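**Student:** Attaching a single structure in structure tokens format; questions to follow.
Nothing in this text is a laboratory measurement; each read-out follows from the coordinates by a stated rule. Just so it is clear, the structure is predicted and the values come from calculations on it, not from any experiment. Counting neighbours? That spans all protein chains shown, and the Cβs are built from the backbone with ideal geometry, glycine included.
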Number of protein chains: 2
Amino acid sequence: MDREGGQAQPVLRRLDALHRLSEAGVAAIKTAVRDKILKAAAGEDLVCEGDRPDSVRLFLSGWAVRYKVLDDGRRQIVNFILPGDTCDAHVYLFSKLDHSVATLTPVVYSELSREAFERLVSSDVSVAEAFCCEMLAASSIQREWAISLGRRDALERVAHVICELYERLRVVGLVDGNTFAFPVTQMDMADATGLSAVHLNRTLQELRGSGYITLKDRSLTIHDFQALSNTAMFNLNYLHLDRK
Amino acid sequence: MDREGGQAQPVLRRLDALHRLSEAGVAAIKTAVRDKILKAAAGEDLVCEGDRPDSVRLFLSGWAVRYKVLDDGRRQIVNFILPGDTCDAHVYLFSKLDHSVATLTPVVYSELSREAFERLVSSDVSVAEAFCCEMLAASSIQREWAISLGRRDALERVAHVICELYERLRVVGLVDGNTFAFPVTQMDMADATGLSAVHLNRTLQELRGSGYITLKDRSLTIHDFQALSNTAMFNLNYLHLDRK
DNA sequence: CGTAATATTGATCATGTTCAACGTCGGTGG
DNA sequence: CCACCGACGTTGAACATGATCAATATTACG
């Protein structure tokens with residue numbers, strides 16, 4: 001295990017960006033994470049709409065999406081789940097999940113039972129507050145997606161998700177220069193932005209054409225973040241990564 | 001004060017629908033609510049994007065909306081705030097608000113300082129859990145809006161919000177038969193559904209034309225909930241009002 | 001009664017969808 | 001090793017949903 005937090009590192013980086021963690025808190029999280037580490041393959045459903053939620057998941061590596069499908073098959077991805085993200089703190093308070101979560105890549109995550117999670121948050125105030133911030137931040141991201149879907153056009157939407165993913169990945173150390181792994185198919189991107197696959201493809205070409213990004217071999221490079229974030233009207237406040 | 005909970009009644013009804021409250025919890029909420037009751041006129045901003053959040057609000061009567069505007073003026077309403085709703089439990093953990101809240105009607109709400117709110121949630125487990133459920137339910141609603149905005153067409157979207165508002169108002173006793181007060185202008189509805197005001201108007205006419213609803217004088221009647229909810233593909237699971 | 005906000009209508013326009021075909025790449029089994 | 005297959009990406013053309021613009025009711029209210 002490396003000296004920066006072992007497998008828990010992304011979780012620690014993310015939570016600490018949202019809310020300063022005490023030393024005791026950091027230790028408690030490291031211990032809790034270590035307890036039950038699971039893996040899943042790409043393209044797997046981790047949880048399904050209708051399931052009874054019983055545990056909390058802390059994502060350590062890999063990408064997943066939160067999504068929902070309508071009766072006639074239309075699918076909407078409502079969020080990306082990245083390393084360091086918490087999948088539904090406290091959900092076990094509900095009897096049924098209202099959405100599904102699918103992996104895009106192989107993922108590694110730590111699964112905490114309700115008891116383990118409650119023990120963790122009651123062990124240290126800063127930890128409880130950090131998880132609270134994580135919930136609030138997730139809501140805020142969700143709201144910003146509503147803005148995009150409701151009021152931004154195709155080009156703005158695509159530029160916006162890219163900016164968001166860049167910033168979120170940066171916090172957990174997954175951006176190298178201006179380049180990061182981007183294991184998302186165009187169909188997934190279309191379902192995330194509320195566009196058709198065809199139009200998404202053309203929109204990506206427009207962004208490539210103007211030289212803002214390169215996207216090739218599941219790797220994305222942002223050449224001009226300023227321009228990209230201007231076209232998206234991206235403002236990172238809503239990510240709340242400034243830690244007060 | 002009436003024997004059903006006084007001014008706190010909608011809050012109690014909503015929280016209790018999400019998660020069973022203990023008697024002590026009910027009492028604690030009643031007391032906390034009573035402490036600082038405020039009023040605001042219609043069309044007022046209660047909080048603005050960028051403000052430092054310092055208190056939690058429990059809505060007792062009236063309607064408000066959570067919204068955000070882009071630099072060029074496009075506005076998206078991301079949620080309606082109804083009597084009984086909690087406006088941002090725990091937000092004071094963040095340094096800046098990422099959205100604004102405006103009243104649609106005169107509203108009455110109880111304002112709890114950070115200290116008062118923390119005292120309240122630590123006084124009783126069922127209260128803490130209920131507020132947790134309220135946060136989770138708000139997230140869930142937010143996700144469902146993303147589905148609507150991303151993947152439902154105009155008719156479906158409008159039908160969907162109406163179903164949602166009907167169910168949410170019913171829980172707090174604000175539906176009389178199939179009729180409820182609906183103090184939302186067509187422009188607001190347009191900003192909530194991501195449509196233009198013109199197209200929203202035509203969509204409403206379509207719903208009226210098929211006999212599903214009547215909307216007149218700020219009062220909405222649903223004549224055929226089944227048909228309305230079918231056209232919206234509405235499934236109330238996401239509201240989590242079953243209190244399991 | 002007058003004025004501003006809201007609702008309604010028609011006509012034109014644009015963004016994005018749909019459909020259908022083709023290209024490309026990586027893996028898999030004969 | 002190569003042929004096949006499936007998933008993904010790309011292209012063009014026709015189409016449709018909803019936006020925009022502009023004018024005209026209607027309503028609420030001071």
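**Student:** What's the extension gain from B:Lys39 to B:Arg218 if we count 0.36 nm per residue and subtract their Cα-Cα distance?
**Tutor:** Extra length from B:Lys39 to B:Arg218 when fully extended: 62.3 nm.
**Student:** Is any residue of region A:105-132 close enough, with backbone N under 20 Å, to a label point placed 7 angstrom from the Cα of A:Asp176 along the Cα-Cβ axis, and if so, which?
**Tutor:** From region A:105-132, the list is A:105-108.
**Student:** Which residue fluctuates most in the GNM of chain A (Cα springs below 10 Å): A:Gly209, A:Gly73, A:Gly173?
**Tutor:** A:Gly73
**Student:** Let me see the pair-distance distribution of region B:1-58: every alpha carbon pair, 5 Å bin width, integer percents in order.
**Tutor:** Taking all Cα pairs of region B:1-58, the binned fractions are 4, 15, 23, 21, 16, 13, 8, 2, 0 percent.
**Student:** Mind checking the mean number of beta-carbon atoms from other chains within 10 Å of the Cβ atoms in B:131-143?
**Tutor:** 6
**Student:** Considering only B:Ala190, B:Ala28, B:Ala159, give the residue with the highest GNM mean-square fluctuation for chain B, with springs between Cα atoms whenever their separation is below 10 Å.
**Tutor:** B:Ala28
**Student:** Give the nm distances, rounded to one decimal, from B:Phe225 to the matching residue in every other copy, measuring between label points 7 Å along Cα toward the beta carbon; shortest first.
**Tutor:** Relative to the other copies, B:Phe225 has label-point distances of 5.0 nm.
**Student:** Based on DSSP H runs of at least 4 residues, each adding -39500 (n - 2.57), what is the mean residue ellipticity at 222 nm of the protein assembly as shown after dividing by all its residues, to the nearest 500 deg cm²/dmol?
**Tutor:** About -14000 deg cm²/dmol.
**Student:** A follow-up question, please. With θ set to phi - 60°, apply the Karplus curve 6.51 cos²θ - 1.76 cosθ + 1.60 along region B:204-221 and write out the HN-Hα couplings as whole Hz, x wherever there is a Gly or Pro.
**Tutor:** Once θ is set to phi - 60°, the couplings for region B:204-221 become 4, 4, 5, 5, 5, x, 7, x, 6, 9, 10, 9, 7, 6, 6, 9, 10, 10 Hz.
**Student:** How big is Rg to Rh over region A:41-181, alpha-carbon atoms, Rh as the Kirkwood inverse-mean-distance radius?
**Tutor:** Ratio of gyration radius to Kirkwood radius: 0.97.
**Student:** What are the ³J(HN,Hα) couplings of region A:68-79, residue after residue, when phi is run through the Karplus curve with 6.51, -1.76, 1.60 and θ = phi - 60°? Round to Hz, x for glycine and proline.
**Tutor:** In residue order, the calculated couplings are 8, 10, 7, 3, 8, x, 4, 10, 10, 7, 9, 5 Hz.
**Student:** Please sort by residue number the GluC sites (Glu not before Pro) in region A:136-226 whose DSSP state is loop and whose Cβ has at most 14 other Cβ atoms within 10 Å.
**Tutor:** Loop-located and lightly packed - none at all.
**Student:** Then there's this: Let me check I have the definition right: for chain A, take the eigenvalues of the Cα gyration tensor, multiply each by 5, take square roots. What are those semi-axes in whole Å, largest first?
**Tutor:** For chain A, the semi-axes come out at 30, 21, 16 Å.
**Student:** Amide H neighbours of A:Leu104 under 5 Å, at least 5 residues apart or on other chains, H built in the peptide plane: list them.
**Tutor:** Residues meeting the criterion, in which the H sits 1.01 Å from N, are A:Gly43, A:Trp63, A:Ala64, A:Val65.
**Student:** Which order results if B:Leu12, A:Leu70, B:Leu58 are arranged by neighbouring Cβ count within 10 Å, fewest first?
**Tutor:** Neighbour counts put them in this order, fewest first: A:Leu70, B:Leu12, B:Leu58.
**Student:** Also: Go through region A:29-40 residue by residue and turn each phi into a ³J(HN,Hα) via Karplus (6.51, -1.76, 1.60, θ = phi - 60°); whole Hz please, and just put x for glycine and proline.
**Tutor:** Once θ is set to phi - 60°, the couplings for region A:29-40 become 5, 4, 5, 4, 4, 4, 4, 9, 9, 10, 10, 9 Hz.
**Student:** Continuing with this model, one more query. In a shell of Cβ-Cβ distance under 9 Å around B:Leu236, excluding B:Leu236 itself, what net charge do Lys and Arg (+1) and Asp and Glu (-1) give?
**Tutor:** It works out to a net charge of -3.
**Student:** Also, quick follow-up: Using amide H atoms built in the peptide plane, which far-off residues or other-chain residues are under 5 Å from B:Val47 H to H?
**Tutor:** Sorted by chain and number, the residues that satisfy this are B:Val101.
**Student:** Pairs of Cα atoms under 8 Å, at least six residues apart: use those to get the relative contact order of chain A, whole percent.
**Tutor:** It comes to 23 percent, rounded to a whole number.
**Student:** Let me ask something additional. For the protein assembly as shown, taking Cα atoms only, what is the radius of gyration to one decimal and the Dmax to the nearest whole Å?
**Tutor:** When restricted to Cα atoms, the protein assembly as shown yields Rg and Dmax of 22.0, 67 Å.
**Student:** What average number of partner chain Cβ atoms lie no more than 10 Å from the Cβ of the residues making up B:236-242?
**Tutor:** Mean partner-chain Cβ count within 10 Å for B:236-242: 3.
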